[in-house]
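Structure first, commentary second.
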Amino acid sequence: MKAGFVLFLWLSLFEGFDCDCQGGWVKHNVSCYYFSHDTETWIGATQICQALQGSLVTIESQQENDFLANQIRTLKHEWYWIALSDMENEGTWVWMGDGKLTPAVYTAWDDGEPNNSHDNENCGVLRDSHHWNDYMCHQPGFFICEKQDEMEIIG
């Protein structure tokens, strides 16, 4: 009897709420993530994420990084674009996903990275190894979009 009441109370609390992670988006904590099926340049990926009402992913913790890397490993792609760039000031890596320049506090660079190979690597990628690399922004690649999971009251 007690378990039935708890279930009723739980359903009553969440009735009328809807999770915003729909249509191919994956929920993790308070965010929804979209893992692309097509490739784009870094700029193209940024624009597509905005059109999907999100932004290119900003990674703020080891837990979030591990979740995303595990997802891309299951998708069997080597790397995905993230919102990290040093386009504005070489060597100063900032998150550019939401249109603001936010310093990268948490980082997960691979050994020897970022290295700006050929003086032409200004955009960040997350590899299936859980590490980041700098890469040429004009190369097509898969990408991850992010948006907040906002629960809305329905009805």
**Request:** Take the Cα atoms of region 31-88, find their three principal axes, and give me the spread along each one in whole Å, biggest first.
**Result:** 26, 24, 21
**Message:** Run the numbers for GLU60 and HIS77: contour at 0.36 nm per residue of separation, minus the present Cα-Cα distance, in nm.
**Reply:** 3.9 nm
**Prompt:** Looking at region 87-133, which GluC sites (Glu not before Pro) are in a loop (DSSP not H, G, I, E or B) and have at most 16 other Cβ atoms within 10 Å?
**Reply:** GLU88, GLU90
**Request:** Express in Å², to the nearest 10, the accessible area of GLU60 obtained by rolling a 1.4 Å probe over the protein heavy atoms while all chains stay in place.
**Result:** 130
**Prompt:** By DSSP, what percent of the beta bridges with both residues in region 44-155 are antiparallel, rounded to the nearest 5?
**Reply:** 80
**Fill in**
Using the Kirkwood radius over Cα pairs of region 20-155, the Stokes-Einstein translational diffusion coefficient at 25 °C and 0.890 mPa s, in µm²/s and rounded to a whole number, is 165
**Message:** Modelling each spin label as a point 7 Å along the Cα-to-Cβ direction, I'd like the HIS118/HIS37 distance in nm, to one decimal.
**Reply:** 3.1
**Item:** Quotient of C-alpha Rg and 2.2 N^0.38 Å, computed over region 56-116
**Value:** 1.15
**Message:** Using 0.36 nm times the number of residues separating GLN148 and TRP109, minus their current alpha carbon distance, what extension gain do you get?
**Reply:** 11.5 nm
**Prompt:** How do PHE35, PHE67 rank by accessible surface area computed with a 1.4 Å probe, from largest to smallest?
**Reply:** PHE67, PHE35
**Complete:** For the GLN139, GLU88 Cβ pair and Förster radius 30 Å, calculated FRET efficiency rounded to 0.05 is 0.95
**Prompt:** Accessible area per residue, 1.4 Å probe, Å², for region 70-155: what's the number?
**Reply:** 55
**Message:** So if I place +1 on the C-beta of Lys and Arg and -1 on the C-beta of Asp and Glu, and nothing else carries charge, what would the dipole magnitude of region 49-125 be about its Cα centre? I want it in debye, nearest 20.
**Reply:** 380
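The values are calculated or read from the model by the stated rules, or taken from the named source; none is laboratory data. Model, not experiment: these values are computed from the prediction. Here Cβ is always computed from backbone atoms with ideal geometry, including for glycine, and neighbour counts include all displayed protein chains. Just the protein is used for accessible areas: all its heavy atoms, side chains included, with ligands, DNA and RNA removed. Shrake-Rupley method; radii C 1.70, N 1.55, O 1.52, S 1.80 Å.
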